[in-house]
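The values are calculated or read from the model by the stated rules, or taken from the named source; none is laboratory data. As the structure is a prediction and not an experimental result, all values here were calculated from the model. Here the Cβ positions follow ideal geometry from the backbone for every residue, glycine too, while neighbour counts run over all protein chains shown.
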Amino acid sequence: MWAQKFLIAAVIASIITAGGFALAAYLKQLVLQEIRNSLREAKAAGTLPPEMQDLDLDNFMRMDIGIELSSQAMTRATIVDALRGLWYIWVPIVFAVCLGIAALLGRR
């Protein structure tokens, strides 16, 4: 009976972890799309720096090019950096919390 609670807790922790990584991937795509749109607008206006004139904007995948983003995009980029860069901290915390809750519920 108690092993079943820990198994369920581990499955829930895995789902939360997968959701966190999926959220990071989704938010990264949103930020990249906003960067691409900003670059397209700058290219159309003729204000794109010469070294960036030949970029393939449809396949552009960098987030660190130094252009100005909206506050929403900056928030998304910060969340992406935290989720992807600090996974080794939040993944064990998620598992510890889920398994801890299972242990507390197992005492009943």
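Observations on the structure shown:
- Figure legend. Inter-residue proximity from the stretch 73-84: first residues over 13 Å from residue 29 (Cα atoms), second residues in a helix (DSSP H, G or I) and at pLDDT 90 or above, beta-carbon distance below 6 Å, spacing 6+ or different chains. Indicated pairs: 83/20; 83/24; 84/24.
- Selection of the stretch 28-57 for residues being touching a Phe, Trp or Tyr at 6+ places or on another chain (Cβ under 6 Å) and farther than 19 Å from residue 72 by Cβ yields an empty set.
- When residues of the stretch 53-78 are limited to those that are of a type outside the set (S, T, N, Q), modelled with pLDDT of 75 or more and not in a loop (DSSP other than H, G, I, E, B), the one surrounded by the fewest Cβ atoms within 10 Å (Cβ to Cβ): 74
- Residue in the stretch 31-47 that is within 27 Å of the chain's Cα centre (by Cα), surrounded by 12 or more Cβ atoms within 10 Å (Cβ to Cβ) and within 30 Å of residue 101 (Cα to Cα) present: no
- Residues (at pLDDT below 90 and among the β-branched types (Val, Ile, Thr)) located in the stretch 2-34: 31
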